[in-house]
Amino acid sequence: MPSTEAPIGAQQFVPPDAHELAELKAAAAHCEGCELYRDATQTVFGRGAADARIVFVGEQPGDVEDQQGLPFVGPAGRLLRDAVDDAGLDASDVYITNAVKHFRFELRGKRRIHQSPGPAHITACRPWLVSEFALLKPDMIIVLGATAAKALLGPSFRVTRSRGQLMPWPAAAHHPEDFPVTETQALATIHPSAVLRADDRDAAYKGLVDDLKVAAAALS
Ligand code: URA
Ligand code: SF4
């Protein structure tokens, strides 16, 4: 049974004076801010250059990411890298992370079936995102799918309705006070896993690339 107790949250595990992403990553490896650390293999922190101008925020690590300890190394990650290239974004200018940093799953026999994180996990894990933004100070925050949108843009934000639109940041943020990044923009688009599941995969992929081209144009 899922616990009904509210998680304590990640805040107390975040080093207050971190100057490097590596310090955050090392601290996040010991996070017990919600119960997801118990069953997952390891924390999957963000990765990319410290001077990256573009930050992608996904949902949570999947099965492959949980085992390898790196975000977006499975099928969704391959698709996302293709889309980044096809949109004309510079892959070396990208940092990629997730709204929730442990894999949430349900065991069916020996299979681990992905379960979306709930609002309590999203809230518990947000301090890590806040700490990543504070160090990265990106020029563009790209929100991938509904979970990241809930974490960053609020529960009433609808990706399907508002995707592909540039939004001033932190004005668009659900908790602007948490994100000490100024003169940034955000843009939401569908999650690469949704492209993989789409009936018309080509059309869904083109939609993702078209949204990313909006970000590319804004950055150039
Ligand atoms: N999907 C995500 O949202 N994040 C990952 O790291 C992998 C798949
Ligand atoms: Fe900490 Fe986030 Fe993992 Fe929960 S999901 S234990 S808050 S790192």
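The values are calculated or read from the model by the stated rules, or taken from the named source; none is laboratory data. Since the model is a prediction, treat every value here as computed from it, not as a measurement. Note: ideal-geometry Cβ built from the backbone for every residue, glycine included; neighbour counts use all protein chains shown. Note: areas computed on protein heavy atoms with side chains; ligands, DNA, RNA excluded. Shrake-Rupley method; radii C 1.70, N 1.55, O 1.52, S 1.80 Å.
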Next on the checklist: Can you tell me which of (1) more than 21 Å from residue 75 (Cα to Cα); (2) aliphatic (A, V, I, L, M); (3) over 18 Å from the mean Cα position of the chain (by Cα) is the one residue 203 doesn't meet?
Outcome noted: (1)
Next on the checklist: Pairs needed: first member in the range 104-133, aromatic (Phe, Trp, Tyr); second member anywhere, open to solvent by 70 Å² or more (accessible area, probe 1.4 Å); C-beta distance under 7 Å; at least 6 residues apart or different chains.
Outcome noted: 105/114
Checklist entry - Looking at 27, 22, which is the one that is part of a helix (DSSP H, G or I), within 23 Å of residue 143 (Cα to Cα) and more than 16 Å from ligand 1 (Cβ to nearest atom)? => result 22
Next on the checklist: Can you find a residue that is in contact with a Phe, Trp or Tyr (Cβ under 7 Å, 6 or more places away or on another chain) and of a type outside the set (D, E, K, R) anywhere in the range 195-217?
Outcome noted: yes
Next on the checklist: Tally up the residues in the range 35-61 that are outside any helix (DSSP H, G or I) and open to solvent by less than 20 Å² (accessible area, probe 1.4 Å), please.
Outcome noted: 12
Item to check | Whichever residue in the range 62-83 is within 16 Å of ligand 2 (Cβ to nearest atom) and part of a loop (DSSP other than H, G, I, E, B) and, among such residues, is surrounded by the most Cβ atoms within 10 Å (Cβ to Cβ) | outcome: 71
Item to check | Extreme residue, farthest from the chain's Cα centre (by Cα), among residues of the range 151-200 that are β-branched (Val, Ile, Thr) and away from ligand 1 (no atom under 16 Å from the Cβ) | outcome: 182
Checklist entry - Of the residues that make up the range 62-76, is at least one among the acidic types (Asp, Glu), within 16 Å of ligand 1 (Cβ to nearest atom) and out of contact with any strand residue (DSSP E or B) (no Cβ under 6 Å at 6 or more places or on another chain)? => result yes
